[in-house]
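Encoded as structure tokens, the structure appears first; notes follow it.
The values are calculated or read from the model by the stated rules, or taken from the named source; none is laboratory data. The shown structure was predicted, so the numbers you read here are calculated from the model rather than taken from an experiment. Every residue, glycine as well, gets a Cβ built from its backbone with ideal geometry; the counts of neighbours run over all protein chains shown. Each accessible area value is taken on the protein alone, full model and side chains, heavy atoms only, with ligands, DNA and RNA left out. Shrake-Rupley method; radii C 1.70, N 1.55, O 1.52, S 1.80 Å.
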Amino acid sequence: MKKLQFWIALWAGKLFLWWYKKTGHVRNDRPGMVSMRLCSDFLKYVAKPELTIAVSGTNGKTTISSIAAGLLREQGKTVSFNDWGANHHAGHARCLLDAVNIFNRPTKDAAIIEMDELISPLNIPKIKPAYLIVTNLARDSMERNAHPEYIGAQLKKAAEGSPDTVVIVNADDPLSCFIGENNRRLYFGVHDLHTNSRPALANDYTVCQRCAQKAVYHYRNYRHIGDFECPHCGLKSPERDYFVEAIDDKEITMKEPKGVYHYPILSGAVHNIYNLAAVVALFRDMGLSQEELAQGLKKAKLPASRETREVVGGIELITQVAKGQNPTAVSTVFENVGKDTSEKEIILILDEVFKDPHKTETVAWIYDTDYEYLNDAHIHKIVVGGERYLDHRLRLLLAGVPEEKLVCMPDMYETANHVDVTGISKIYVLHDVNSITRGKKVRDAVKERIIKERGGEAK
């Protein structure tokens, strides 16, 4: 009966997928929803490509998945990948529907599956990927992902359910580095960056997971990510198989099991250095040579939905995702912006109000978020837009940001008219993951103002 259900689910899903593609709705996971509703074990029975990679963790999933997909395509491989971040059951089914034919035979060389941490114990044992990358764990949305230690327990169950999967984990993250104890594991990490990581409102690693005594750090690169050790029971960061030993403006130096190699850098942001280290660990373990990987990374780019940079009229215009409802992700972005010593202005559009009231969430997360990082002399002005503008204004004032530096309004599209385009070298547009299109519109409006008032073209 299950097999019959599966075949019906496969054919129905393929039909819906064909229709959605034909009508231009490619970035939609509803065909997968159809298959999952018709057969709850669809992910178990659907054939998988020879190479299947799952990427999970609190932050960095989309970045790592996108870079990996691009590198595989650069090698001439066909890849099934939901690049819009469909990381739940329907998205996984949609991804694998696109990787088989109506006879359930693989038609793609690889599938990259972005995996929500909470559903990983259900889907990893069914998909049984060749690799599972766990980027990091940290507190996320209060309404969706509970406490990071609970999320870590779910990922441990996921790895236990797929013992042949190679688990690639962040050795510098005490919350996730012990996932996959019975799997073959690869550890990545980054040397002491001397970033002088600022104290955070939220500390996700206060005591040792083994003995509940206070752990210590030899260094921290950001948040709770660094080289740790418990002086009471001896629990400590694992030895890194892939370790970033040095970083400059153009490349990283990576110590690997077979030597020390260099790779081009994609972004100087510390969290993206970790993302790059995970990608290197994956492809080197898959057998790609250092030369091939370095050449591929020269052509790689961060997903445009996460970060864009261009120089317009002498001003660097930067858009970055600051993942709302996720205090760790937003704080990390704020910390990187605050550490930038350039003279700059910021447009902040972190809005969680939509026409559908069911999509409006609590604003309590902003009081776990380090707005204090934006209280910096190099930031001339912060322009806040969106329905939640008064909430962000209050939080910035509580963070000590002078009132005269704040310009706040309910219409986010008006923000472009209030930044100064003289006396600064950078403008940051920080937007929520649900505001990517709106962030681009604001960026384009700022670009038009710069060209009109200062002249020049985008570079």
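Yes or no, residue by residue, for (1) at pLDDT 95 or above; (2) within 17 Å of Leu201 (Cα to Cα); (3) touching a Ser or Thr at 6+ places or on another chain (Cβ under 8 Å); (4) not small (Gly, Ala, Ser):
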| residue | (1), (2), (3), (4) |
| --- | --- |
| Gly296 | yes, no, no, no |
| Lys299 | no, no, no, yes |
| Ala304 | no, no, no, no |
| Glu307 | no, no, yes, yes |
| Val312 | no, no, no, yes |
| Val321 | no, no, yes, yes |
| Thr328 | no, yes, yes, yes |
| Ser331 | no, yes, yes, no |
| Asn336 | no, yes, no, yes |
Reported set for region 62-108 where residues are part of a strand (DSSP E or B), buried (at least 21 other Cβ atoms within 10 Å of the Cβ) and over 20 Å from the mean Cα position of the chain (by Cα) is Val100
Quiz item: On the given criteria, is Asn182 assigned to a loop (DSSP other than H, G, I, E, B) and of a type in the set (S, T, N, Q)?
Solution: yes
Filtering region 200-227 for residues that are in a strand (DSSP E or B), within 22 Å of Ala153 (Cα to Cα) and touching a Phe, Trp or Tyr at 6+ places or on another chain (Cβ under 8 Å) leaves a count of 3
Of those in region 109-123 that are among the hydrophobic types (A, V, I, L, M, F, W, C) and over 19 Å from the mean Cα position of the chain (by Cα), the residue farthest from Ile151 (Cα to Cα) is Ala110
Selection from region 214-263 of residues at pLDDT below 90 and either over 24 Å from the mean Cα position of the chain (by Cα) or open to solvent by less than 80 Å² (accessible area, probe 1.4 Å) (or both) yields Lys214, Ala215, Tyr222, Arg223
> Being of a type in the set (S, T, N, Q), open to solvent by less than 70 Å² (accessible area, probe 1.4 Å) and over 30 Å from Ile8 (Cβ atoms), is that true of even one residue in region 175-185?
Replying inline: yes
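Quick grid of which residues meet (1) among the hydroxyl-bearing types (Ser, Thr, Tyr); (2) in contact with a Ser or Thr (Cβ under 9 Å, 6 or more places away or on another chain):
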position: Val363; (1), (2): no, no
position: Tyr371; (1), (2): yes, yes
position: Leu374; (1), (2): no, no
position: Arg393; (1), (2): no, no
position: Val401; (1), (2): no, no
position: His418; (1), (2): no, no
position: Leu430; (1), (2): no, yes
position: Gly455; (1), (2): no, no
query = Given the structure, is Gly386 at positive phi, touching a helix residue (DSSP H, G or I) at 6+ places or on another chain (Cβ under 7 Å), at pLDDT 95 or above and of a type outside the set (Ser, Thr, Tyr)?
reply = no
Of those in region 67-83 that are without any contact (Cβ under 8 Å) to a residue 60 or more places away in the chain and not β-branched (Val, Ile, Thr), the residue farthest from Arg27 (Cα to Cα) is Gly76
Scanning region 264-297 for residues that are under 17 Å from Leu193 (Cα atoms), hydroxyl-bearing (Ser, Thr, Tyr) and either more than 21 Å from the chain's Cα centre (by Cα) or buried (at least 22 other Cβ atoms within 10 Å of the Cβ) (or both) gives Tyr274
Among the residues of region 272-283, is there at least one that is out of contact with any Cys (no Cβ under 6 Å at 6 or more places or on another chain) and in a loop (DSSP other than H, G, I, E, B)?
no
Exercise. Answer yes or no as to whether Val190 is surrounded by 23 or more Cβ atoms within 10 Å (Cβ to Cβ) and over 27 Å from Pro49 (Cα atoms).
Key: yes
Practice problem: State yes or no: is Leu430 closer than 17 Å to Lys381 by Cα, surrounded by fewer than 18 Cβ atoms within 10 Å (Cβ to Cβ) and not aromatic (Phe, Trp, Tyr)? | Solution: no
The condition of being basic (Lys, Arg) and farther than 30 Å from Ser435 by Cα holds, among Lys255, Lys301, only for Lys255
Being crowded, with 20+ Cβ neighbours inside 10 Å and farther than 19 Å from Ile112 by Cβ narrows Leu10, Leu15 down to just Leu10
Counted residues in region 25-61 being assigned to a helix (DSSP H, G or I) and either crowded, with 23+ Cβ neighbours inside 10 Å or of a type in the set (Lys, Arg) (or both) come to 9
